[in-house]
1. Can you pull out the residues in segment 297-337 that are on the phi > 0 side of the Ramachandran plot and either outside the structural domain of Ser283 (by TED's automatic domain parsing) or without any contact (Cβ under 8 Å) to a residue 60 or more places away in the chain (or both)?
2. What is the residue count in segment 69-126 for residues that are part of a helix (DSSP H, G or I) and either in contact (Cβ under 8 Å) with a residue 12 or more places away in the chain or not hydroxyl-bearing (Ser, Thr, Tyr) (or both)?
3. Which ones in segment 98-129 are touching a Leu at 6+ places or on another chain (Cβ under 9 Å) and either exposed (fewer than 15 other Cβ atoms within 10 Å of the Cβ) or of a type in the set (D, E, K, R) (or both)?
4. Determine, yes or no, whether Ser345 is surrounded by 12 or more Cβ atoms within 10 Å (Cβ to Cβ), hydroxyl-bearing (Ser, Thr, Tyr) and without any contact (Cβ under 8 Å) to a residue 24 or more places away in the chain.
5. I'd like to verify a number: residues in segment 175-206 that are closer than 22 Å to Asn222 by Cβ and part of a loop (DSSP other than H, G, I, E, B), how many?
6. Check off (1) over 30 Å from Ile324 (Cβ atoms); (2) aliphatic (A, V, I, L, M); (3) in contact with a helix residue (DSSP H, G or I) (Cβ under 9 Å, 6 or more places away or on another chain) for Ala253 and give me the number that stays unchecked.
7. Looking at segment 385-441, which of its residues are surrounded by fewer than 16 Cβ atoms within 10 Å (Cβ to Cβ), under 27 Å from Gly274 (Cα atoms) and β-branched (Val, Ile, Thr)?
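The values are calculated or read from the model by the stated rules, or taken from the named source; none is laboratory data. Model, not experiment: these values are computed from the prediction. Please note: Cβ atoms are built from the backbone with ideal geometry, for glycine as well, and neighbour counts cover all protein chains shown.
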Amino acid sequence: MKSHFKKVFCVAFLIAFWLANISAAGFLIRDGDRVVFLGDSITEQRLYTTYIEAYALTRHPTWKLTFRNVGWGGDTSWLRQRSHPDEKQLFAADEASQQKMVEDSVGRGLGRDVLPLKPTFVTIKFGMNDHSYQPFREDIFRAYVRSQTEIAKVLGTNGARVAFLTPQPIEDKRPDPDKDVRNQSLRQFSDGLKDVAAKSSAAYVDQFDPFMKILLRERASNPPSFIGGGDAVHPGPVGQTLMAWAVLKGLGASSLVSRAEIDAAGKKAPAVEGCRVSGLQVSGGTVSFDRLDEALAMPVDERAEAALKLAPILDDLNLYELQISGLTGGDYEVTVDGESSGKVSAEELAKGWNLANAPGPITKQAREVLKLVFDKNNAFFRRWREVQLFSLPGWAHGPEVETKRAAELARIDAQVGELEVQIDKARKPKSHHFEIKPAAR
């Protein structure tokens, strides 16, 4: 009997393991990855990148993952902020000379800021500064294509997979953002990037079109609207949540967090995905049970909740479902660990209610992970830009300066490491007690 039980358990475990890997197979970020976000000031803002990171960490809480952001304001695909090539010469050069300039500039920039991080997966988001905020220019586009191609080549040679991200459109307060010559130029740069990705065997993620479709829809119904927050080029949390949504979909992120189906009349849980239900009780119209999920819901930045009305973010990326059939009509109060998560009708519960962003301990835990990820990313930014790359004038150099620099780098490295330990602990799912009872009238 024990032998039979052991065999059944092993088969069940292998099936569960296989299903879990099937669901994650399409996601381009993988267990064990060291992910680096490379880009310009929009990447340096540490918003869309932090949201992507938080999704990966909460959706796959057992995976070993590290993330670093090396975005730099004003940067381009030829890494001008890191290597400072002569752009006039770059745009005017013949093919051989331009290739040599690009190899030098890209090689030095990646060699200092990216390769030492030993990345296995790099997202690359350039284009906004490359096109120089003007109508399309073939000479700049030529340098852009060559530089993006070189970035993919260098990273691939060093063992990193690559995903090219298009820029999002510029959002000026005009009724026709698609007629803005700067956006038309960005569209042409994005189309060229698709060809680069195909030739480089890299992933291609177009966030330009999804963002533009939302812009056009909102302009049609509310011409003065400014959906992204921030400014025309640098979206705030709302716009960058839309960006993260488009990018995650492009990277193959899955929608389901977990799903629990409860049959109140039959007092059973006939179907669950990504979770375990125990202690189910149905009495006097009240349903209660304990639920332990395999993942957390993706945290939504409190500053970005307006984004949920602009795109199907919860449906596409964040399905944390509760489905209960067999309830009598009317409204029901759903509490989790004694905290109210909302009032829902019996009809809504029968169809399946998504409480991924509902009030209560589930959302609180996810947002604690998000806060810690922001803290870690801000600490790494200070380490990289304010200590590692800080340059004193020549007269101030001395051995004592480098000793202090080394000590400060070690201090911040320890801080980043401690925050990553806290993140790893915070992203582990906890068992929650659910109670669904008729709402007070």
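1. Within segment 297-337, none qualify.
2. Total meeting the criteria: 31.
3. Arg108, Arg112, Asp113, Lys125
4. yes
5. Number satisfying all stated conditions: 3.
6. All conditions pass for Ala253, except number (1).
7. Val421
Residue by residue, here is whether (1) assigned to a helix (DSSP H, G or I); (2) surrounded by fewer than 19 Cβ atoms within 10 Å (Cβ to Cβ); (3) β-branched (Val, Ile, Thr) holds:
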site: Gly26; (1), (2), (3): no, yes, no
site: Ile29; (1), (2), (3): no, no, yes
site: Gly32; (1), (2), (3): no, yes, no
site: Phe37; (1), (2), (3): no, no, no
site: Thr43; (1), (2), (3): yes, no, yes
site: Thr50; (1), (2), (3): yes, no, yes
site: Glu53; (1), (2), (3): yes, no, no
site: Thr58; (1), (2), (3): yes, no, yes
site: Thr62; (1), (2), (3): no, yes, yes
